[in-house]
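Taken together, the values in this text are just the output of simple stated rules run on the coordinates, not laboratory data. Every value quoted in this text rests on a predicted model; they were computed, and no experiment measured them. Positions of Cβ are backbone-derived with ideal geometry, glycine not excepted, and every protein chain shown enters the neighbour counts.
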Amino acid sequence: MPMIRTHYSTQITPDMNGHSVTICGWAHEIRDLGGITFLVVRDREGLVQVTLFKKTIDKNVLETVRNLSRESVVAVTGNVKKEAKAPNGYELVPTAVTVLGKADSPLPMDTTGKVDADLDTRLDVRFMDLRRPYTQSIFRIRHLILKSIRRFLDREGFVEITTPKVVATATEGGTALFPITYFEREAFLNQSPQLFKQLMMSGGLDRVFEIGPIFRAEEHDTRKHLNEATSIDIEASFLDNEDVMVILENLVSHVYQSVADEGANNLKSLGVELNIPKTPFKRITYDEAIGIARENGEQIEWGDDLTTESEHSIGKTIGEHYFITDWPTKIKPFYAMPYENKPELCRAFDMMHPRMELSSGAQRVHSYELLRSRITEQGLNADGFEFYLKAFRYGMPPHAGWGLGAERLLMTMLGIENIREVVLFPRDRKRLSP
Ligand code: ATP
Ligand code: MG
């Protein structure tokens, strides 16, 4: 079929009065008032009112529209007519209406926003849910986020890489893995690109990033965990923890600014007004974080990982994006660099939104001997890491990096409660289809 659309709804303006155009979209609403029939067509950008005057309209065109089922896909060719009362200030008087894809009724879900559907129903018929401007706006903002991240990191000299998701060994232990059958062997879905991006430092790529899936087999049932998530990862040579924190805060601020600049319409349909986070972000140490949580009445011991409740309570006190630095070495992965003069603490950080953790990062251990002993100290078998450890024996520069959860960045930016809302087809304990 040739390309028949000449315009999206928003590309037509009242001053095109008298021009013939062709739009393509879904039959959003059909109202037959006898002498006049309205067909509202919805395309990706908005709504178009198509007006059929019984007296003057071609009989076949009227018949087609009167028999149209809601949500069928149509192409409408018609003349633009300035009309102040119509959406965008114009209507179309059709000369031809073609049905390109008929919709059955009843519909599995309402798309007009008049009837609320619960999240499970919406996810079961995600194709239909996406027709709502609300849902579509979430994914168009996700696109803007990823686009601005690529632009920012490209300008900072980062090279985009793609690393394997089917792997032979665990990245860091602790996190549960999904085992899969790989020919006659057992393999796993990768929980993080960590080890591979570090190999790139020995390989001399200097600054790399990856935007890709990570798999976590934890049986979470929370509103901020998925079993398949998208991680934005960087790794950079000759930089330390503080250097990559600066890159991270500047990136977050750049992303917010880009979405505010380019996503105004989508933000409006979500009812969101963005506050651009100010840099530099506040930095508190792990010790200070524990102190704040305790002052707020949380029961937490030095050496514990932060509970969701502590995260909330510290976030409330700080009230904006912030970093927690100087973590106990024993609760961070083996590749986080311990302080030389105080090895019980390490050069790791978390970047937090007041509601939750968005990112974890660190300066990495780059000495072969230290790394090998750190792996063993964490109760892991160093033999399984041979492919990784080898890279540290033949010239590994000092390096640092972080991983930032794309879904958490998106949900906190938009003030969305449940992470499943911001994933097209979320994977959790119960959901594997669609
Ligand atoms: P949390 O403690 O909140 O479960 P984590 O410390 O286990 O997260 P990391 O391994 O540090 O997560 O991963 C880096 C980032 O990737 C996290 O800060 C988060 O933004 C994102 N992320 C990790 N696991 C998940 C998940 N299961 N679902 C969604 N995002 C995740
Ligand atoms: Mg973390």
Total residues in the stretch 57-78, condition surrounded by 17 or more Cβ atoms within 10 Å (Cβ to Cβ) and either closer than 13 Å to Pro94 by Cβ or in contact (Cβ under 8 Å) with a residue 60 or more places away in the chain (or both): 12
Any chance Thr230 is in a loop (DSSP other than H, G, I, E, B) and touching a Pro at 6+ places or on another chain (Cβ under 7 Å): no
Residues within the stretch 121-152 that are assigned to a helix (DSSP H, G or I) and closer than 15 Å to Leu424 by Cβ, tallied: 19
Condition check for Glu407: outside any strand (DSSP E or B) and in contact with a strand residue (DSSP E or B) (Cβ under 9 Å, 6 or more places away or on another chain): yes
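Listed here are the residues, each with its yes/no results for (1) within 16 Å of ligand 1 (Cβ to nearest atom); (2) among the polar types (S, T, N, Q); (3) crowded, with 17+ Cβ neighbours inside 10 Å.
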site	(1), (2), (3)
Tyr368	no, no, no
Arg372	no, no, yes
Leu380	yes, no, yes
Phe387	no, no, no
Gly403	yes, no, yes
Glu407	yes, no, yes
Lys430	yes, no, no
Pick from the stretch 305-324, criterion away from ligand 2 (no atom under 13 Å from the Cβ) and not in a helix (DSSP H, G or I), ranking: surrounded by the fewest Cβ atoms within 10 Å (Cβ to Cβ): Gly319
Residue match in the stretch 80-89 (condition: under 18 Å from Pro133 (Cα atoms) and outside any helix (DSSP H, G or I)): no
Test: Thr230 is more than 27 Å from Pro398 (Cβ to Cβ), within 16 Å of ligand 2 (Cβ to nearest atom) and surrounded by fewer than 19 Cβ atoms within 10 Å (Cβ to Cβ): no
Where Ser360 falls short, out of the listed (1) buried (at least 21 other Cβ atoms within 10 Å of the Cβ); (2) within 15 Å of ligand 2 (Cβ to nearest atom): (1)
Pairs, first more than 17 Å from Arg207 (Cα to Cα) in the stretch 391-407, second away from ligand 2 (no atom under 13 Å from the Cβ) and assigned to a strand (DSSP E or B), C-beta under 8 Å, six or more apart: Gly405/Thr230; Gly405/Ile232; Ala406/Ile211; Ala406/Thr230; Ala406/Ile232; Glu407/Thr230
Residues being in contact with a Phe, Trp or Tyr (Cβ under 7 Å, 6 or more places away or on another chain), surrounded by fewer than 17 Cβ atoms within 10 Å (Cβ to Cβ) and either touching a residue at least 40 places away in the same chain (Cβ under 8 Å) or closer than 22 Å to Ser105 by Cβ (or both) - total across the stretch 17-45: 2
Index of the failed condition, Ala293 passing every other in (1) more than 29 Å from Lys316 (Cα to Cα); (2) buried (at least 20 other Cβ atoms within 10 Å of the Cβ); (3) more than 16 Å from ligand 2 (Cβ to nearest atom); (4) without any contact (Cβ under 8 Å) to a residue 60 or more places away in the chain: (1)
Where Lys342 falls short, out of the listed (1) closer than 30 Å to Thr121 by Cα; (2) free of Cβ contacts under 8 Å to residues at least 60 places away in the same chain; (3) more than 11 Å from ligand 1 (Cβ to nearest atom): (1)
The stretch 234-271, residues that are surrounded by fewer than 18 Cβ atoms within 10 Å (Cβ to Cβ) and outside any helix (DSSP H, G or I): Phe238, Asp240, Gly271
Residues located in the stretch 262-290, provided they are among the aliphatic types (A, V, I, L, M) and free of Cβ contacts under 8 Å to residues at least 60 places away in the same chain: Ala264, Ile276, Ile284, Ala289, Ile290
One residue from His225, His220 being within 16 Å of ligand 1 (Cβ to nearest atom), under 18 Å from the mean Cα position of the chain (by Cα), on the phi < 0 side of the Ramachandran plot and assigned to a loop (DSSP other than H, G, I, E, B): His225
Meets criteria (surrounded by fewer than 18 Cβ atoms within 10 Å (Cβ to Cβ), at negative phi and away from ligand 1 (no atom under 11 Å from the Cβ)) for Glu421: no
